[in-house]
Amino acid sequence: MVVPLGSVFRVVVCVVLVVVCSAVFECDAQLLPPEEVDLLNTIAKRMGIIFWNPGETSCKEGKGLNASWGLGIMSNVTCNCSFNNSTVCHVTNIQLRGLNLTGYFPDEFGSLTYLTEIDLSRNYIKGPLPTSLAQIPLTILSALGNRISGAIPKEIGNIRTLEELVLEDNLLEGALEPNIGNLSHLKKLLLSANNFMGTIPESFSNLKNLEDFRIDGSALSGKIPDFIGNWTKIRRLDMQGTSMEGPIPSSISLLTNLTELRISDLKGPSSNFPDLQGMNTMAFLIIRNSLLTGSIPYYIGEWTRLKILDLSINGLTGQVPDKMGDALDYMFLTNNALTGAVPTWVTSSKHHIDLSYNNFIGSSPDNFSCQASQVNLVSSYTSRQNKSLWCLEKDLSCSAKAQYSSLFINCGGNKTIIDGNQYEEDTSLNGPSFFSSSSSFGPEQWASSTTGVYMGNDIADYIAEYPYIMNVNGSGLYQTARLSPWSIRYYGLCMMKGRYKVRLHFAELQFSDDETYNGLGKRIFDVSIQGNQVLRDFNIAEEAGGVGTRIDKDFDDIYVTGSTLEIHLYWSGKGTTAIPHRGIYGPLICGIAVTPNKDFGSTGLSVGAIIGIVVALVVLLVLIILVLWLRGFLDCREVEDSELHGLDIQIGHFTLRQIKAATSNFDSVNKIGEGGFGPVYKGTLSNGTIIAVKQLSSRSKQGNREFLNEIGMISALQHPNLVKLYGCCIEGNQLLLVYEYLENNSLARALFGRDDQQIELDWATRKKICLGIARGLAYLHEESRLKIVHRDIKAANVLLDKELNPKISDFGLAKLNEEDNTHISTRIAGTIGYMAPEYAMKGHLTDKADVYSFGVVALETVSGKSNTNYRSKEESVYLLDWAHGLQEQGHVLELMDPRLGSYYSEEEAMRMLNLALLCTNPTPTLRPPMSSVVSMLEGKSALPAPIIRCTATNPDPRFRAFERLANDSQTNVSTFSEDNDQVPGSMSIQGPGIDSSAYFTSKDESPSSEITLLSAI
């Protein structure tokens, strides 16, 4: 059959049309709307994305948008092309990571109406978060590691679809946005390393789907909220390096899904270990420097998934768990009070374990060496049974004769000579719990230890090398550095006693100095030398003026009293931890130089002269002993004083031999203060307990009476805010009281001492101190079995422990207060400037006298000024008078200590100051009882309206004369012990009918001067 040519032509045409139409359809399929193309072009222009070339067909295989360079550097734009029968696409995800993009966060993101993810991690984007983001259905918003600033916009809380909000390592500031609490679907909230202040909003209690919350390194304050118990789905909780207060709330026990818990550097009172018993999936448990007490719970040793346990710098007691789960890799229990023997599983372990600075007993572990070990037991034993292992002993005493007077270490680098000094090599790789010692010749010369494992990167190095050459003098010293995620310690060993100059060499080696995300890192850490903090929140790059730039820090007059110099660098949870990648943070040091001060050296005496002096001293000593024996001072019989004979003391007894051994025979090096009772010495008992020993002074006129009074009073009292009496010694002619040792001496020294003695007390600490004193007094007045009036409350009689918790001391003047007595008529005793007027003038004593004294101490604590300091040479004014004057003028906040700056709550400060002035009201009945003071300080009860006193005339001129006398007495004080807590200008009166609580040596000291003092009152 013949087919007509026309029919064939028509068929061919149809086929061609079908093919063409199919091609056209293919071209029209899955196109990106032009308005979205324009938005992408605008975003690219604003952020400097030079490789983007968006078009309508870009969604097909990411053409013109997607690229990857490895190591997390990528551009990825994802589309959803299921719209309009799969012919239209919309952008849903934009990931731009590690590209060093600049400019501002574009508002145009908010016009991509189908966008569910924005990830701009590790760029250099600045400015605020755009409020336009609230217009789109985001589920993920991540901008980790940028320069985003300002507050989090409240509009972010309107993105109800949001599941992840990651804003770590930025410059955000202000209060946490309460509207974030509206994000009921939120699972991840990462806000670490910003500048947030205030407290965690109550609205965050609504985040019941939260699985990951991190707030490290901010200035957040207040207590850890109890509502964290609502976050029952949470798996990771990080609260390190904030200004928040403990204790950890009991509601944490409800978080049984936790696998990672990190809390550190809490303020506030100590507390027992939190109940974590149901958290059997825990893998990382870090509760460091959080004021924990009690023993380590047994169930921690039964957790089978636990990899890291860090409970360092707490007050934990008891023993190390006798077993741990098989998954354990790292355990850090350093700086606690653990006792007993070190378990054999620890010393035979292949894991990284740090048990340094505890109180273990027994013989040294088998197969342990002080040369190099990944089980760190430095300074962890209390006994003297380990002389062959010097590194286990407290203070790392020299195993031979101390002979070194200088030390130079190239931290992390090879041996090098700089300025004629040979810097020792320090190239050991170290590690999470490593200790090693080194010596060029003779006995050990220096040692070092590193502690900690890096978050998110447990294989990170402990040595850093700078990739570029520094063009500075001594550059070889700054090319390498030793670093650690938490702690680095260097020890100068077998050092001769004397004063040294310590120079620490620094240079930031791990960040860049350009406009890239590598330059956004902030390394912040602290430094202590000989246990005294010398650098706080130290930022190398900021101090040096750039990265790769050297800076040296010099510290003069560092005193070595034993044979060991300790330099400690440590991380307190601040700064970035994920720039340029996770695991870049913690202390870093390039070098150490220790040289003797100019006045350091030997006496220059010849051997013959030394022998002659020794012989003369021996003869003189024999003569002194003979005279003392003839006069009966060395008689070992009990003292026959009628007040002490037959005394039945219901406390611990110590022998004189024990006390002498503890204090090195009352060595002057151990003297830490002196009061009217006599000198006070620091000592260490054979079991490692550190004590303070009060020794009755022969010049104390009321010593026996005060001795008996103090024993009788304080032995019947037990309270966290009262100093603890361990016992006493009555032997021969010695009268001794043995107390717990308080590391930070007195409140007076912390506030008014020499510059090197003062302690930086933030507002939260000052509140804690005032509240603790108030609780202690409330116990004495109202809660204890004996109702006691202290009579000598003053800043010098408030001692501070390691965590700066206050403890009331010196009960030598305390009096029982019978409940049915309106007042006690008694001899006047106390300190001018702290005594209530009715007591100072008439001898009428009630517990309201202590309330008055508390008000003065509270005023001093808040203002940082002593009540008896001059305001000017022309016009001597008590701090108390000045405070009342400012209250009348409505300017009471002018009293605030300028050292606080603006870092305090004005509302809390007003309450504290007005309460202090209420307590110092001249009328005793208008002063509140101490239980009410506690309630008002805690905010549980309202403070009465201020009572403005009239200052035009003083109702009793004798009281004004009394104040003038106190001011005048300052000029009569010429000398006092350099460690005395008494403040110049604060004077305790004594004389006929008057008890003494402190002692001063004046130029004209005589009985007649004391009588004159009385006649002026």
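Give me the pairs: first residue in the stretch 768-782 and over 15 Å from residue 852 (Cα atoms) and in the same structural domain as residue 718 (by TED's automatic domain parsing), second residue hydrophobic (A, V, I, L, M, F, W, C) and surrounded by fewer than 21 Cβ atoms within 10 Å (Cβ to Cβ), beta-carbon distance under 8 Å, and six or more apart or on different chains, which are they? Within 8 Å, no pair qualifies. Of all the numbered requirements in (1) in a strand (DSSP E or B); (2) modelled with pLDDT of 90 or more; (3) buried (at least 16 other Cβ atoms within 10 Å of the Cβ), residue 434 misses one, and that requirement is (2). Condition first: surrounded by fewer than 18 Cβ atoms within 10 Å (Cβ to Cβ), within 32 Å of the chain's Cα centre (by Cα) and without any contact (Cβ under 8 Å) to a residue 60 or more places away in the chain. Can you find one or more residues in the stretch 153-160 that meet it? Checked the stretch 153-160: at least one residue is surrounded by fewer than 18 Cβ atoms within 10 Å (Cβ to Cβ), within 32 Å of the chain's Cα centre (by Cα) and without any contact (Cβ under 8 Å) to a residue 60 or more places away in the chain.
Report whether or not residue 417 is β-branched (Val, Ile, Thr), crowded, with 17+ Cβ neighbours inside 10 Å and part of a strand (DSSP E or B).
Numbers: β-branched (Val, Ile, Thr): yes; crowded, with 17+ Cβ neighbours inside 10 Å: no; part of a strand (DSSP E or B): yes.
In short, no.
Within the stretch 63-70, identify whether any single residue is touching a Cys at 6+ places or on another chain (Cβ under 8 Å) and crowded, with 16+ Cβ neighbours inside 10 Å, and answer yes or no. No, every residue in the stretch 63-70 fails to be touching a Cys at 6+ places or on another chain (Cβ under 8 Å) and crowded, with 16+ Cβ neighbours inside 10 Å. If you go through the stretch 740-754 and keep only what is within 28 Å of residue 867 (Cα to Cα) and not hydrophobic (A, V, I, L, M, F, W, C), you end up with 741, 743, 744, 745, 746, 749, 753, 754.
Residues checked against (1) part of a loop (DSSP other than H, G, I, E, B); (2) surrounded by fewer than 21 Cβ atoms within 10 Å (Cβ to Cβ); (3) out of contact with any Pro (no Cβ under 6 Å at 6 or more places or on another chain); (4) at pLDDT 90 or above:
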position	(1), (2), (3), (4)
727	no, yes, yes, no
735	no, no, yes, no
766	no, no, yes, yes
775	no, no, yes, yes
781	no, no, yes, no
793	yes, no, yes, yes
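Of the set (1) under 29 Å from residue 352 (Cβ atoms); (2) β-branched (Val, Ile, Thr); (3) buried (at least 22 other Cβ atoms within 10 Å of the Cβ), all apply to residue 293 but (3). With the condition kept exactly as written, say whether any residue in the stretch 515-537 is basic (Lys, Arg), in a strand (DSSP E or B) and surrounded by 19 or more Cβ atoms within 10 Å (Cβ to Cβ). Checked the stretch 515-537: at least one residue is basic (Lys, Arg), in a strand (DSSP E or B) and surrounded by 19 or more Cβ atoms within 10 Å (Cβ to Cβ). For the stretch 28-56, a residue qualifies if it is closer than 18 Å to residue 67 by Cβ and part of a loop (DSSP other than H, G, I, E, B), and the qualifying residues are 32, 48, 49, 50, 51, 52, 53, 54, 55.
Among the conditions (1) at pLDDT below 90; (2) farther than 20 Å from residue 123 by Cα; (3) out of contact with any Gly (no Cβ under 9 Å at 6 or more places or on another chain), the only one that residue 63 does not satisfy is (3).
Candidates 266, 316, 291, 306: the one that is under 17 Å from residue 226 (Cα atoms), not assigned by TED's automatic domain parsing to the domain that holds residue 568 and not acidic (Asp, Glu) is 266. Every condition in (1) of a type outside the set (Asp, Glu); (2) in contact with a helix residue (DSSP H, G or I) (Cβ under 8 Å, 6 or more places away or on another chain); (3) buried (at least 17 other Cβ atoms within 10 Å of the Cβ) is met by residue 277 except one, and the failing one is (3).
Kindly evaluate residue 275 against the criterion of being free of Cβ contacts under 8 Å to residues at least 40 places away in the same chain, charged (D, E, K, R) and not in a strand (DSSP E or B). For residue 275, the condition - free of Cβ contacts under 8 Å to residues at least 40 places away in the same chain, charged (D, E, K, R) and not in a strand (DSSP E or B) - is met. For the stretch 863-878, the condition of being of a type outside the set (S, T, N, Q), within 27 Å of residue 781 (Cβ to Cβ) and assigned to a helix (DSSP H, G or I) holds for none of the residues. I'd like the full set of residues that are farther than 22 Å from residue 537 by Cβ and surrounded by 18 or more Cβ atoms within 10 Å (Cβ to Cβ), limited to the stretch 228-246. Across the stretch 228-246, the qualifying residues are 228, 230, 231, 234, 235, 236, 237.
The values are calculated or read from the model by the stated rules, or taken from the named source; none is laboratory data. None of these values were measured; they are calculated from a predicted model. Ideal geometry is used to build each Cβ from the backbone, glycine not excepted, and the neighbour counts take in all protein chains shown.
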